[in-house]
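The values are calculated or read from the model by the stated rules, or taken from the named source; none is laboratory data. Keep in mind it's a predicted model, so treat the numbers as computed, not measured. Every residue, glycine among them, receives a Cβ derived from its backbone with ideal geometry; neighbour counts consider all protein chains shown.
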Amino acid sequence: MNRRELLSAAALTCVGVNGGVAQAQTSTGLDALARTSGRRFGFAVSSSYADKEPVKSLLRQHAGVVTAENAMKWRSIENLFGVPDYTQADRVAAIAVDLSAQLRGHTLAWHQSTPARLTWATTEVFVREQTSHLQALVSRYRGHIHTWDVLNEVIDADQPTGMRESVLSKLWGADRYPALFELARVADPYAKLAYNDFGLEQDEPWCERRRTALLRMLERWVKRGTPIDVMGLQAHLNMSRKFSADKLLRFFDELRAMGLTLQITELDVSEAQLQGDVAARDAAIAALYRDFTQACLSHPAVEMIVMWNVTDDNSWINRWLQAQRRVDGQPQRPTLFDASGQAKPAFHAVAACMGNAATKFDMKETRHV
Ligand code: G3I
């Protein structure tokens with residue numbers, strides 16, 4: 001199908017949500033729509049739900065990118081005694097092959113996925129273990145990973161340094177983070193290398209401070225020649241926060257000026273405080289999806305959008321985020337599909353924007369070999 005055929009099949013317009021979101025036909029896959037502007041679309045998955053219906057069919061229809069939700073994290077790979085088991089990670093890699101989807105590796109270094117056994121390790125032991133874990137994991141999937149999230153969530157705007165204090169900063173060393181990218185580049189020269197973080201997308205003073213801290217860190221890294229290709233914006237959006245497309249796009253311009261492409265890596269919408277019945281909540285959530293997606297797709301450096309989970313019931317927000325339970329006890333509706341796999345207004349909002357994206361992704365493909 002060419003672009004014109006895809007668009008007429010979907011009969012799309014990116015319209016307001018109040019009067020009803022444009023009903024993109026769900027038969028046109030989101031990845032197919034994303035490709036019309038040179039981008040890709042996908043989902044974070046775990047084999048525990050990706051192998052079952054309705055997620056299995058939804059992935060077949062809509063996924064052009066697959067991220068391992070947990071399976072490639074260090075804590076998921078090794079057992080209590082430090083012995084690696086790649087079964088789950090291999091399963092997610094196989095799902096990507098089966099779908100002919102790009103595979104995102106997530107994540108090589110993250111304070112939350114550092115094995116508990118290393119919490120009290122010496123610096124020497126920690127550096128040795130983190131290095132060999134990274135080398136083994138990256139080499140295992142060499143040539144199969146589109147992008148590796150090399151490092152996850154290390155900024156903290158409330159610290160004078162702008163950097164989070166954690167087991168990683170303490171034992172690996174915040175000034176040595178660029179070495180993680182250097183190791184990953186050597187282990188798989190085919191993969192793009194990303195830094196990934198949250199709390200950067202909305203129009204709140206604390207997000208602004210995080211954007212500033214992030215830009216300072218990336219400037220330092222780029223200046224010293226760190227092999228970083230991609231900024232991963234998690235985009236865990238929240239209905240209780242404001243959104244400004246103008247501010248987001250100015251931020252994207254600054255990232256692009258550093259030579260980075262942009263990937264939306266973990267998109268979803270929390271709505272713990274949202275009032276109203278399901279229809280009203282869905283309409284409001286769809287409006288934020290529309291505003292955010294429209295802004296992202298108007299920027300030439302944005303190359304992919306990845307949802308964090310596929311249906312509402314397998315969203316991490318409903319599975320694990322106890323602190324964000326709604327007061328009415330109802331589950332949240334953070335993703336594009338309900339538990340039965342039905343497309344919600346958020347789906348139609350995203351599909352409409354995707355089909356209408358006038359700005360093409362225009363950064364050159366980064367290949368290093
Ligand atoms: O697999 C075990 C299961 O055997 C056990 O019975 C159960 C009991 O608690 O735990 C299960 O493991 C859980 C795992 O998810 C698999 O579902 C862990 O407790 C739980 O902490 C883990 O949470 C994940 C979290 O990262 C921490 O790794 C979420 O699923 C995952 O969605 C979330 O993803 C993060 C991204 O990596 C980084 N950005 C934020 C995002 C959301 O927090």
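General remarks:
- For D312, the conditions (1) under 18 Å from the mean Cα position of the chain (by Cα); (2) in contact (Cβ under 8 Å) with a residue 40 or more places away in the chain are fulfilled apart from (2).
- Flag if K192 is over 17 Å from T261 (Cβ atoms) and either touching a helix residue (DSSP H, G or I) at 6+ places or on another chain (Cβ under 7 Å) or basic (K, R) (or both): no
- Per-region count, the range 245-272, residues of a type in the set (G, A, S) and closer than 12 Å to L288 by Cβ: 2
- Residue check for H144: surrounded by fewer than 16 Cβ atoms within 10 Å (Cβ to Cβ), closer than 30 Å to A34 by Cβ and either acidic (D, E) or touching a residue at least 24 places away in the same chain (Cβ under 8 Å) (or both): yes
- Considering the range 40-58, and only residues there that are more than 16 Å from the ligand (Cβ to nearest atom) and surrounded by fewer than 24 Cβ atoms within 10 Å (Cβ to Cβ), the residue that is nearest to the chain's Cα centre (by Cα) turns out to be R40.
- Qualifying positions in the range 239-253 - surrounded by 15 or more Cβ atoms within 10 Å (Cβ to Cβ) and without any contact (Cβ under 8 Å) to a residue 40 or more places away in the chain: R241
- Residues in the range 77-112 that are within 15 Å of A44 (Cα to Cα), within 13 Å of the ligand (Cβ to nearest atom) and polar (S, T, N, Q): 2 in all.
For every residue, the table says whether it meets (1) at pLDDT below 50; (2) in contact with a helix residue (DSSP H, G or I) (Cβ under 8 Å, 6 or more places away or on another chain); (3) part of a helix (DSSP H, G or I).
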{"position": "M1", "(1), (2), (3)": "yes, yes, no"}
{"position": "S8", "(1), (2), (3)": "yes, no, yes"}
{"position": "V15", "(1), (2), (3)": "yes, yes, no"}
{"position": "V21", "(1), (2), (3)": "yes, yes, no"}
{"position": "Q25", "(1), (2), (3)": "yes, yes, no"}
{"position": "A32", "(1), (2), (3)": "no, yes, yes"}
{"position": "E53", "(1), (2), (3)": "no, no, no"}
{"position": "R60", "(1), (2), (3)": "no, yes, yes"}
{"position": "V66", "(1), (2), (3)": "no, yes, no"}
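- Selection count, the range 267-292, where residues are buried (at least 22 other Cβ atoms within 10 Å of the Cβ) and either within 17 Å of M354 (Cβ to Cβ) or touching a strand residue (DSSP E or B) at 6+ places or on another chain (Cβ under 6 Å) (or both): 8
Okay, residues lined up against (1) outside any loop (DSSP other than H, G, I, E, B); (2) under 23 Å from A272 (Cβ atoms); (3) at pLDDT below 95; (4) within 16 Å of the ligand (Cβ to nearest atom):
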{"site": "E165", "(1), (2), (3), (4)": "no, no, no, no"}
{"site": "L171", "(1), (2), (3), (4)": "yes, no, no, no"}
{"site": "A179", "(1), (2), (3), (4)": "yes, no, no, no"}
{"site": "E201", "(1), (2), (3), (4)": "no, yes, no, yes"}
{"site": "R216", "(1), (2), (3), (4)": "yes, no, no, no"}
{"site": "V222", "(1), (2), (3), (4)": "yes, no, no, no"}
{"site": "M231", "(1), (2), (3), (4)": "yes, no, no, yes"}
{"site": "K247", "(1), (2), (3), (4)": "yes, no, no, no"}
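- Selection status of W320, free of Cβ contacts under 8 Å to residues at least 12 places away in the same chain and within 16 Å of the ligand (Cβ to nearest atom): yes
- Residues satisfying the stated conditions in the range 155-183, i.e. more than 23 Å from T122 (Cα to Cα) and among the small types (G, A, S): A157, G162
- Total residues in the range 59-76, condition within 14 Å of the ligand (Cβ to nearest atom) and either without any contact (Cβ under 8 Å) to a residue 60 or more places away in the chain or not polar (S, T, N, Q) (or both): 9
- Within the range 323-347, considering residues that are away from the ligand (no atom under 16 Å from the Cβ), in contact (Cβ under 8 Å) with a residue 60 or more places away in the chain and of a type outside the set (A, V, I, L, M), the one surrounded by the fewest Cβ atoms within 10 Å (Cβ to Cβ): S340
- Scan of the range 249-279 for residues that are away from the ligand (no atom under 16 Å from the Cβ), under 20 Å from A346 (Cα atoms) and not acidic (D, E), ordered by number: Q273, L274, Q275, G276, V278, A279
- Criterion (more than 23 Å from W148 (Cα to Cα), of a type in the set (K, R) and at pLDDT below 95) met by exactly one of R326, R333, R367: R326
- Within the range 256-274, tally of residues that are over 17 Å from the mean Cα position of the chain (by Cα) and either at pLDDT below 95 or farther than 20 Å from R326 by Cα (or both): 6
- Residue in the range 113-128 that is farthest from the ligand (Cβ to nearest atom), counting only those that are charged (D, E, K, R) and without any contact (Cβ under 8 Å) to a residue 24 or more places away in the chain: E124
- Where a residue in the range 270-282 is of a type in the set (A, V, I, L, M) and its partner, wherever it lies, is assigned to a helix (DSSP H, G or I), with Cβ under 7 Å and at least six apart: A272/Q324; L274/R281; L274/A284
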